[in-house]
Structure formats: structure tokens, C-alpha cells
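All remarks here apply to the structure that follows.
The values are calculated or read from the model by the stated rules, or taken from the named source; none is laboratory data. Predicted, not measured: the structure shown is a model, and the values here were computed from it. Don't worry about glycine lacking a Cβ; one is built from the backbone with ideal geometry, like all the others, and counts go over all protein chains shown. Surface areas here come from the heavy atoms of the whole protein model, side chains and all, with no ligands, DNA or RNA. Shrake-Rupley method; radii C 1.70, N 1.55, O 1.52, S 1.80 Å.
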Amino acid sequence: MIDPKIIREHIDVLDGALADRQASFDTGKLKELDEKRRGLIQETEKLKNEKNVLSNEIAKLKKSGAEASDKIEYQRSLGQRIEICGRELKAAEDAWEELALVIPNIPDSSVPIGTCDEDNKVVKTWGEKRVYDFEPKAHWDLGEDLDILDPKRAVKITGSRFALYKSYGAMLERALINFMLDLHIREHGYTEVLPPFMVNRASMTGTGQLPKFEEELFHLDGVDYFLIPTAEVPVTNIHADEILKEDQLPVKYVAYTPCFRKEAGAHGKDTRGLTRLHQFNKVELVTFAHPDNSFAELEGLLLDAEDVLKRLNIHYRVSALCTGDLGFSSAKTYDIEVWLPGQEIYREISSCSCFTDFQARRAKIRFRRQGGKTEFVHTLNGSGLAIGRTVMAVMENYQGPDGTIRVPDVLRPYMMGLETITRA
């Protein structure tokens, strides 16, 4: 949520940020509601003070035996007016929050200005595209040829946009999960958590999925729970409504979870293979950072995510998202895009974002400075990495001319020493 002080005192800054994001929003209505809210607060306090003064006067009159009925009647009218102001204040606050909850975060000044993904800026690359003396296949063909991916039976079991891994395919998925968790825990300093895979409405609101993106979420009938679209939601809410100590920061968590998304805006797009599924696995990195160095923490989180691909020895690039392509809650985002030779395309495999205090305000996550003052923390998260897309990258980059797949060295201990995936 945007700092109300910005809406109150720097509405031009918010208007400029929304224009950069290509977002249309009537901030005037928001400011009007804020002014009404503050006016009602002032009026309520004035009426309460007047009522208190009157109570003292009535008590004195009664003590002296003087007539006080007029003042008592007026006191009753003040009470009624206070009740009315209270209801109007609640309505104004609810209306203000309803509008404020759908305003996206303000981009950091370092974010490139642009209107769409074509304006994203490639900031670095690592490794080289592999050169093949044969025509490389897409992972969906490799998977079916090796009998390690079975899309037809996945459709039979559930429907489109689901995957069924078999044999070495399932083992590869599991190996990547364990490899990533071990790397982030042992070498990057994260604490592993295993959160619930369902969350309540407050948790979804806290991280910014609600109310704006409800149509893209899987909601459970009969209970107001949602299947998580990413571990970011439950892990960020670990510290909802809490006050952390300054010397605790940064707090760094890593979590493996399945993720569930309707992909409502992707009809007919990326329908083959593991690219865009309703259910997929992910290892997620979440950091609660000090506001003074949250963007430095973002650079570190990005390096932690990149390290996975470096150890797998797979070529990738990193792009800084422009204002028009930035996610709703993010102030700054880097996308790690892995090269897939079978499709001849770069595909996003991780988004690493700093949300400043946007999520912390919604979820009420604060820290106490040594002097005693409380402030909102800054939250960050990034995929470290998306598992299915890493499976795609391994399959396509490590394929051989005979259709087999060489197992990357770092994964062999997790795959019982297997060196090559062949048809079972």
C-alpha cells in the first residue's frame, strides 16, 4: 500500500508514477476521501471535547441543585452526532482503503521508463549459447521420446496445463528442488521453511494479490482459503502483524512449494510443455530488509538466484524491467531469462523484486530501531528458481544428438550418480 503521506502531500509524485506505469487511476477521489476522513476525525475530537466539558458542567449543576435538563439534552445530541461521525468516518476509511489497495507501488528512480517488455533493459549476461552440430529439440519432444513427460495422461487426470513427470523426469524435478534448497541454506544463508500451501484472504491481501488479481487465483469453495500462487504469500506473512528487532534484519527465508495459478491472461499462450502450467513447483527466496539497504539486498538476492544457473552451467541474461512491465507490488524487478536452444528463445526463470514498504504496510510488518521508533520493513522476493522451467533448461541445454540428456555434474549426487537420462 502507498504511504498515505505521499497521497496527502505529494499527489503529483504518485500521478507521475502511475503515468510511468501506464496505469490509469483517479487519485483525486483518493485525496478527497482522505480529506473527508481527516475532517471527520477533527470534528469527532472536537465534539468529544465539548461533551467532556459539558459533562463537568452538568455534574456541577447537579451538585448545586440547579436545573440541567437543557444541557443534558444537548449532551445527548452531541453523543448522537459523535455516533454519526463515527459511522461516516468508518465508511470514508473503508472507501479510502478500497481504492488504495488497487494502486500499484511507486517505481524506484533507477527503473527504466517504458511501456512494455520491449523496453526492458538487459543489464548483464552469463555464459555462452551452446553450439550444436544437430538441430536441438524442444523439451516437450525430448520428454515424450524419453518417456519422462506424459502430457496426454496429465490431461486425462486433470485437464490442460498440468504435467505428469515419470521416471527420470520426476527424479530430475526432485533433484533440482533439493539442490536449490541445499545451496541457498548452506551457502547463501537462508533459513528453510515449509509453509501451508493454502492461505486466507488477509495473507493474499498483505502481499498484493488481492483484491486486484482474484480472478487469477484458485479459491476453495466452502472456506475462504486460496491455493498459493507462490511461496511469497505464506512466507511474507510469517511476520504479519509483528515488530522485528533492528538487529534481526535481514531475515532471509527459502521455501519449496507447489504453486497454483489460473493463468487467466494467457489463453492460448505457451500451451505446450512445462512453460505455463496451472500447477508447478518453485523454490522461493524471501527477505525482510532494513529500509536503509533494501536495494543492496536486492542485488544480493539476484546473485543468489543466478548462482543456481551458474552451477548448472546454463547461459542466461538478466533484464531490469521497465515501469510499464513492472509487477503490481514491485518497486524494482530483475528478470533472469534462461536460454532454451530447442525453442530458440529466452524464457523468464526468476523474477527478483524489492517491494519497499508496500507489502509491509498491508501486512503490518515493522521493526523497532534502537532508539525505540517503529518503521515498516522492506520486503523482497525472488524465485531461486522456478523448478519446471529449470527442468526445461536442463533438458534442452544438455541434450545429445541421440535424444539423451546428460545430467549436470552438480545434480548427479541427487540422482543416485546417474550421468545420462535415456529411455527406461
With a 1.4 Å probe and every protein chain left in place, work out the accessible area per residue of segment 131-286 in Å², rounded to a whole number.
49 Å²
Looking at segment 28-135, which GluC sites (Glu not before Pro) are DSSP coil and have at most 16 other C-beta atoms within 10 Å of their C-beta?
GLU67, GLU128
Sorted by accessible area (1.4 Å probe), largest first, how do SER383, SER351 line up?
SER351, SER383
Structure shown: which of LYS124/LYS262; LYS262/LYS332; LYS152/LYS212; LYS48/LYS364; LYS36/LYS373; LYS137/LYS269 lie over 23 Å apart, alpha-carbon to alpha-carbon?
LYS124/LYS262; LYS262/LYS332; LYS152/LYS212; LYS48/LYS364; LYS36/LYS373
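Note down, for segment 59-157, the three equivalent ellipsoid semi-axes (square root of 5 times each alpha carbon gyration tensor eigenvalue), biggest first, whole angstrom.
Here the semi-axes work out to 75, 24, 11 Å.
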With label points set 7 Å from each Cα along the Cα-to-Cβ direction at SER77 and THR420, the distance between them in nm comes to 9.6 nm
Straight-line reach from LYS63: which lysines fall under 19 Å, measuring Cα to Cα and dropping same-chain residues less than 8 apart?
LYS51, LYS71
Ranking MET1, MET416, MET198 from most to least accessible area with a 1.4 Å probe gives MET416, MET198, MET1
C-alpha center-to-center spacing [segment 363-424, segment 306-332] in angstrom:
13 Å
Please give the FRET efficiency for ASP147 paired with ALA202, using the beta carbon to beta carbon distance and R0 = 51 Å, rounded to the nearest 0.05.
0.70
Among the trypsin sites (Lys or Arg not before Pro) within segment 152-193, which fall in a DSSP loop and have no more than 15 other Cβ atoms within 10 Å of their own Cβ?
LYS166
For segment 56-142, run through the trypsin sites (Lys or Arg not before Pro) and keep only the ones in DSSP coil with at most 13 other Cβ atoms within 10 Å of their Cβ.
LYS129
The chain, dipole about Cα centre (Lys/Arg Cβ +1, Asp/Glu Cβ -1), debye to the nearest 20:
1100 debye
So what is the calculated 222 nm ellipticity per residue for the chain, using -39500 (n - 2.57) for each DSSP H run with n of 4 or more, over all residues, to the nearest 500 deg cm²/dmol?
-13000 deg cm²/dmol
Run the 1.4 Å probe and let me know the accessible area of LEU340, rounded to the nearest 10 Å².
0 Å²
Among PHE25, ILE7, SER55, whose Cα sits farthest toward the positive end of the charge dipole of segment 1-99 (+1 at Cβ of Lys/Arg, -1 at Cβ of Asp/Glu, about the Cα centre)?
SER55
Ordered by residue, what ³J(HN,Hα) values in Hz, to whole numbers, does segment 34-47 give under the Karplus form 6.51 cos²θ - 1.76 cosθ + 1.60, where θ = phi - 60° and Gly and Pro are x?
5, 5, 5, 4, 5, x, 5, 5, 5, 5, 4, 5, 5, 5
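Given a Förster distance of 45 Å, report the FRET efficiency between ARG130 and GLN22 from their Cβ-Cβ distance, rounded to the nearest 0.05.
0.75
If I compute solvent accessible area with a 1.4 Å probe over the protein chains, what percent of it on the chain is carbon and sulfur?
Reported share for carbon and sulfur atoms: 48 percent.
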How far is helix 294-312 tilted off the main Cα axis of the chain, in degrees rounded to 10, range 0 to 90?
20 degrees
